[in-house]
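Notes follow the structure.
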Amino acid sequence: MLGRIFTHKGTSISPVLLNKRSISLTRINFSAKPPPVFHYHNIFQQSTDSTTEYIKLTSDYVQESEFRGRKFLEVDGEGLRLLSETAFTNIAHLLRPSHLQSLSNILKDPE
């Protein structure tokens, strides 16, 4: 017979059955702990490399907006779709092992 576990308010719950094994909760800690202190960290490090080449896809879906005295860059959803489609296409083609091997073969060719 499966035992019962009593919660702090006197109600009981049955042990959980997973894969025909009984998992019993032996101790429940009801003490509230304060959340951890939040420390802000930059997600992406800004590069000082000036040799990176960029391509401009379009400027059709981008505009500058102002809200509460601050300027924001507003990007239409279609612009985000175009950006992600281009990125996935480039990654799928340019980082494909066969493509990288063909580039390597060109560089190794003595002619």
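The values are calculated or read from the model by the stated rules, or taken from the named source; none is laboratory data. The model shown is predicted, which means the values in this text are computed figures rather than measured ones. Note that each Cβ is placed from the backbone with ideal geometry, even for glycine, and that neighbours are counted across all protein chains shown. Side chains are part of the model used for accessible areas, which takes the heavy atoms of the whole protein and leaves out ligands, DNA and RNA. Shrake-Rupley method; radii C 1.70, N 1.55, O 1.52, S 1.80 Å.
Given the residues Asp109, Asp49, Asp60, which is the only one that is touching a residue at least 12 places away in the same chain (Cβ under 8 Å) and at negative phi?
Sole residue among the options that is touching a residue at least 12 places away in the same chain (Cβ under 8 Å) and at negative phi: Asp60.
Would you check if there is a residue in region 73-95 being modelled with pLDDT of 75 or more, in a strand (DSSP E or B) and loosely packed, with under 10 Cβ neighbours inside 10 Å?
yes
Give region 96-107 a look and list any residue that's open to solvent by less than 70 Å² (accessible area, probe 1.4 Å) and closer than 22 Å to Leu57 by Cβ, or say none.
His99
When you scan region 12-33, do you find a residue that is surrounded by 10 or more Cβ atoms within 10 Å (Cβ to Cβ), in contact with a strand residue (DSSP E or B) (Cβ under 9 Å, 6 or more places away or on another chain) and at pLDDT 90 or above, even just one?
Checked region 12-33: no residue is surrounded by 10 or more Cβ atoms within 10 Å (Cβ to Cβ), in contact with a strand residue (DSSP E or B) (Cβ under 9 Å, 6 or more places away or on another chain) and at pLDDT 90 or above.
Restrict the check to region 41-55 and report whether at least one residue is in a helix (DSSP H, G or I) and either loosely packed, with under 10 Cβ neighbours inside 10 Å or not hydrophobic (A, V, I, L, M, F, W, C) (or both).
The answer is no; no qualifying residue exists.
Taking the residues in region 56-71 that are part of a loop (DSSP other than H, G, I, E, B) and out of contact with any Gly (no Cβ under 6 Å at 6 or more places or on another chain) as candidates, determine which candidate is least open to solvent (accessible area, probe 1.4 Å).
Step by step, filter region 56-71, then rank; the result is Thr58.
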